[in-house]
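Here is the structure we will look at.
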Amino acid sequence: MSLKNTEMPYQESTRGSVYDALGSNEFEQLMSDIRTRARNNEFDDQQCISQDIIEKFRELGIYRALVPKRLGGDELTAAQFCEVIEEISKADGSAGWVASFGMGVVYLSALPTDTLESLYAKSPDIVFAGGIFPPQPAEKIAEGFRVKGRWKFSSGCMGADVVGVGIAPKEGDTLGLPRMAVMPANKADIEKNWDVVGLAGTGSHDLLVNDVEVAENWTFVRGGVSNLEEPMFRYPSLSFATQVLSVVGLGIARAALDELQAMAAGRASVTGAPNMGQRPLTQVDVAKAEADLRSARSFFYEAINDAWPTLEKGEALSVEQTNLLRLSSTHAARVSAEVARKVQLLSGMTGVYKNSPLSRFVNDAQVVTQHAFMGDITWQNAGAIFFGQKPLPGYL
């Protein structure tokens, strides 16, 4: 399959790094718009981020942020990209989660170089979504594979240009190593079944593909070596896929604390007692929550900033460095969820109403912790490495 002659909804983007745009009027206006629409439940009710927001992300450079400069991208560092996702997540967790798939080029970098050049020839601003699990048997044919099946958890698929699905090459009764097959989004159908209590706006619906032929050079072995040489593509891909999701929790928790601070200002208690911000126990608890969140955030970025110079020198990361990338991500996700819940507790009955953003913050932050990348098993693996033992397969 070639995308050269396939009509794709690419748009020419305005130049400029999204990282450089942080704090600009344009960026802040978009965050304000997202925040308002999230409070009105627009994204949760429709179970996806609105297409006009996706296009604004495209214009700002979310989807070219990590693309190499030689392919027309901005080539941001891992830390810079995570900071962008964190800022978006302060406005809305679902929007941050969908924006995080601007890391799509990291997945796609295992495609053959010629395929990558073809893919990014028209624009670096490609919106990618993947449905990886479960890998579906795909018949081997002369040119590649015949792909058919259903895949779950395809976050952001409603606004994608290109999708990837997990396949297991089948020759007779033999299944080969799992691969990802890449195709234009219009080759897949979407079943809208993402009916969840948190991060509902991510639109993580099922992808359905029916007998689409995909050339072998538009597939790659999952977890295969990248064909790009920049530091981002020597960064542990599983660690980064975890980080761009766990940082969503950090943004949500910060939004929760900011909301509590705004609630306390000038708000009198209905009982005549001191308002929220004047209560000693509330002051103690919110100070602890603030310290916990800042500590988790510092550990998260410290692990990234320790790893990046190693890659810039052309060296491989140590097992210990990679372990800290994973450990700090799980820790960030868990602490963020605890902080969001603590804020809701401190808010009293106000935080239980559906129209309170605190309810959404708690639900969204809890869903981040449910992701397999942040499961309890990561604690065990991290502890095993601490004692010089091998972690379970798939951790590093």
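Since every read-out is calculated from the coordinates, none of them should be taken as a lab result. Keep in mind that what you see is a predicted model, and the values were worked out from it rather than measured. A quick note on method: Cβ atoms are made from the backbone with ideal geometry, for glycine too, and the neighbour counts reach across all protein chains shown.
In nanometres, what is the gap between the two model label sites at residue 28 and residue 148, each 7 Å from Cα along Cα-to-Cβ?
5.6
Per 0.36 nm of contour for each residue apart, how much would the distance between residue 69 and residue 355 grow if the chain were fully extended, relative to their Cα-Cα spacing?
Here the answer is 98.6 nm.
Residues with amide H under 5 Å of residue 213's amide H, sequence separation 5 or more or different chain, H placed in the peptide plane at 1.01 Å from N; which?
147
What does DSSP give for region 60-219 in terms of the percent of beta bridges that are antiparallel, rounded to the nearest 5?
75
Given labels modelled 7 Å from the Cα in the Cβ direction, how far is it in nm from residue 174 to residue 261?
6.2
For region 153-216, what does the relative contact order come out to in percent, with C-alpha contacts under 8 Å and a separation of six or more?
For region 153-216, the relative contact order is 37 percent.
Suppose every Lys and Arg Cβ carries +1 and every Asp and Glu Cβ carries -1, with no other charges. What dipole size does the chain come out with about its Cα centre, to the nearest 20 debye?
Roughly 880 debye, rounded to the nearest 20.
Going by how many other Cβ atoms sit within 10 Å of their own, how do 202, 310, 242 line up, fewest first? Intermediate values should be presented prior to the final figure.
Values: 202 31, 310 16, 242 23.
Ranking 202, 310, 242 by Cβ neighbours within 10 Å, fewest first, gives 310, 242, 202.
What FRET efficiency comes out for residue 318 versus residue 291 if R0 is 41 angstrom and r is the Cβ-Cβ distance? Round to the nearest 0.05.
Calculated value: 0.90.
Along the Cα-to-Cβ line of residue 279, 7 Å from the Cα, sits a label point; which residues in region 349-365 have backbone N less than 16 Å from it?
Output list for this probe position: 349-353.
How would you order 57-66, 208-217 from highest to lowest mean count of nearby Cβ atoms within 10 Å?
Packing order, densest peptide first, comes out as 57-66, 208-217.
Using r as the Cβ-Cβ distance of residue 389 and residue 208, and R0 as 41 Å, what FRET efficiency do you calculate, to the nearest 0.05? Could the numbers behind the result be given before it?
Working: r = 42 Å, r/R0 = 1.02.
Between residue 389 and residue 208 the formula returns 0.45.
Within region 371-396, list the residues whose amide N lies under 16 Å from a label point set 7 Å along Cα→Cβ of residue 299.
374-387
Among the lysines, select those whose C-alpha is under 23 Å from the C-alpha of residue 69, and discard any that sit fewer than 8 residues away in the same chain.
Within the straight-line cut-off, residue 69 pairs with 4, 56, 122, 313.
Which shape class applies to the chain: rounded if a/c is under 1.5, otherwise prolate when a/b exceeds b/c and oblate if not, where a ≥ b ≥ c are the square roots of the Cα gyration tensor eigenvalues? Each step should come with its number before you reach the end.
Numbers: a/c = 1.82, a/b = 1.56, b/c = 1.16.
In terms of gyration-tensor shape, prolate.
Would you mind telling me which residue in 44, 376, 161 has the biggest mean-square fluctuation in a Gaussian network model of the chain, where springs connect alpha carbons within a distance under 10 angstrom?
376
Please name which of 180, 218, 243 has its Cα lying farthest along the dipole of region 171-244 towards the positive end, using unit charges on Cβ (Lys, Arg +1; Asp, Glu -1) and the Cα centre as origin.
243
Using a 10 Å cut-off around each Cβ, can you sort 371, 205 from fewest to most neighbouring Cβ atoms?
Working: 371 20, 205 25.
Ranking 371, 205 by Cβ neighbours within 10 Å, fewest first, gives 371, 205.
I'd like the FRET efficiency for residue 114 and residue 41, computed as 1/(1 + (r/R0)^6) with the beta carbon distance as r and R0 of 45 Å, rounded to 0.05.
Given R0 = 45 Å and the Cβ-Cβ separation, E is 0.50.
Kindly provide the helix-only [θ] at 222 nm of the chain, computed as the sum of -39,500 (n - 2.57) over DSSP H runs of four or more divided by all residues, to the nearest 500 deg cm²/dmol?
-14500 deg cm²/dmol
What size of dipole, in debye to the nearest 20, comes out for region 234-386 about its Cα centre when the only charges are +1 on Lys and Arg C-beta atoms and -1 on Asp and Glu C-beta atoms?
Details: 14 positive and 13 negative charges, 92 e Å.
Dipole size: approximately 440 debye.
What list do you get for 183, 232 if you sort them by fewest beta carbons within 10 Å?
Values: 183 22, 232 26.
So the residues, fewest neighbours to most, are 183, 232.
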